[in-house]
Amino acid sequence: MPSPSMFTGHCSSMLELSSQMQSLHLAGLSPTELTEFVEGLGEPAYRARQIFAGLHQRRLRSFAEMTDVPKELRAKLGKRSTASTLTVESRYVSADGTRRYLMKTHDGFPVETVFIPEKRRDTICFSSQSGCPLQCTFCLTAQLGLLRNLTAGEIVEQIIIALNDAYGVSVKAPRGTNLVGMGAGEPFLNFESLMRAIRIMAEPDGLHIVPRRVTVSTAGIAPRIRELATIPARPHLAVSLAAPTDELRNDLIPINKKWPLNELLGACEDFQKSLKPGERFTFEYVMLDGVNDSDEQARQLANLLNRYELRAKVNLIPHNPAEPLPYQPSPAARVETFREILESKGIHAFVRQPRGRDILAACGQLAARGATNLAQTASEFAPAKVESLAI
Ligand code: SF4
């Protein structure tokens, strides 16, 4: 569950500090904050610009590599701060080229990131939390519970690590990079750090991945959908729907009991007013054999979305089976029939091809497990105390 700070407008730079306890994680600072920090060390502002470019544009993960910064300043930085905090524990490469990274935070919590190469662009799926407090029954991550929120610096660093591994340190990515906040965690329960990370990654002198290249997926935190709509430079929105009725959705995505479909889709209706020309938002619909994939449910889903007149598309995602989840994926023919019914009722629907299933990198499979050794379980980590959603 979210930490008490999550909804109280805490200063995020303080979060970066408190998470590191002794050292400030510079990858989580905006250019202005980094300038303040560097000036506080008695150094001129242009040094902050060099350090920011070193961290984000050149993707350097240690001060030692910043050879354009004087040695004395690098030593000073090393005493007061850190350039990187995550360590890569394991890396798995799928037959389809997808890479999954199992990382650890400085205090020992698992973080998972997936790099998905495609013809014209790469997509990096990042995590916003270690574990997840929501209990979606089709998702392996749910079994970890919430371990802790990730800081903005830890979110940014996942992207730096994945790009460095794919292309080499400081090598410009040859294709565009899209980001999806669909890894472990509910991004809207770590909203402030998420938005801070998105702003930092958009900096032209840094990674320069602009918000329109970022999609954030929520299980349905309705108030945050409304809040996102008010942010001018916001990412795209995806909503994990999984069911056309409250009765079924309460079972599959229990947070639905707090924000049932009428509230969720009401928030989407409001969000729709913020859509730019040509922009749609996305509903993700995981296809579970015999559970949510009937013709009748396809009609119910189409009627529901049409009732709210949402400019949306539906991505049908074949479930990715993983022990001990109790579901099987819908057969391909069933998925196709479901898609056709949606289309016949005017809903744009697409079937998403699963990537990286063989290395447990596909949607819903991230649970800090090794691809070959599946013995590592949630019990190895100490789950955070679960509190009620205070929103
Ligand atoms: S599907 Fe997403 S929100 Fe639901 S438990 Fe898994 S990680 Fe959390």
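The values are calculated or read from the model by the stated rules, or taken from the named source; none is laboratory data. Not measured: the values here are computed from a predicted model. Positions of Cβ are generated from backbone atoms using ideal geometry, with glycine treated the same way; all protein chains shown enter the neighbour counts. Surface areas here come from the heavy atoms of the whole protein model, side chains and all, with no ligands, DNA or RNA. Shrake-Rupley method; radii C 1.70, N 1.55, O 1.52, S 1.80 Å.
Descriptive notes on the structure:
- Computed magnitude of the charge dipole of the range 108-253 (debye, nearest 20; Cβ of K, R +1, Cβ of D, E -1): 520
- Those lysines that a straight Cα-Cα span of less than 28 Å connects to Lys71, excepting residues fewer than 8 apart in one chain: Lys79, Lys172
- Summing Lys and Arg as +1 and Asp and Glu as -1 over all other residues whose Cβ lies under 13 Å from the Cβ of Ser330 gives a net charge of -1.
- Protein-only accessible surface order, largest first, of Val210, Val38 at 1.4 Å: Val210, Val38
- Under-5 Å amide H pairs with Val239, H placed in peptide plane, nonlocal only: Thr218, Thr282, Phe283, Glu284
- Assigned charges on the beta-carbon of Lys, Arg, Asp, Glu; the range 145-193 dipole about Cα centre (debye): 200
- Restricting the GluC sites (Glu not before Pro) of the range 240-348 to loop positions (DSSP other than H, G, I, E, B) with no more than 15 neighbouring Cβ atoms within 10 Å leaves Glu279, Glu309.
- Amide H to amide H distances under 5 Å link Gly145 with Cys132, where only residues 5 or more positions off or on other chains count and H is placed in the peptide plane.
- Taking trypsin sites (Lys or Arg not before Pro) across the range 73-124, the ones in a DSSP loop with at most 14 further Cβ atoms lying within 10 angstrom of their Cβ are Lys119, Arg120.
- Backbone geometry of the range 91-103 corresponds, through the Karplus equation with coefficients 6.51, -1.76 and 1.60 at θ = phi - 60°, to 3J(HN,Hα) couplings of 9, 10, 10, 7, 4, 8, x, 5, 10, 10, 10, 9, 10 Hz, x marking Gly and Pro.
- Long-range amide H partners of Ile209 with built H, under 5 Å: Ala202, Glu203
- Ratio of Rg to Rh over the chain (Cα coordinates, Kirkwood Rh, two decimals): 0.97
- Solvent-accessible surface of the range 37-95, averaged per residue with a 1.4 angstrom probe and all protein chains in place: 51 square angstrom.
- In summary, the lysines within cross-link reach of Lys345, defined as a Cα separation below 21 angstrom excluding same-chain residues under 8 places away, comprise Lys313.
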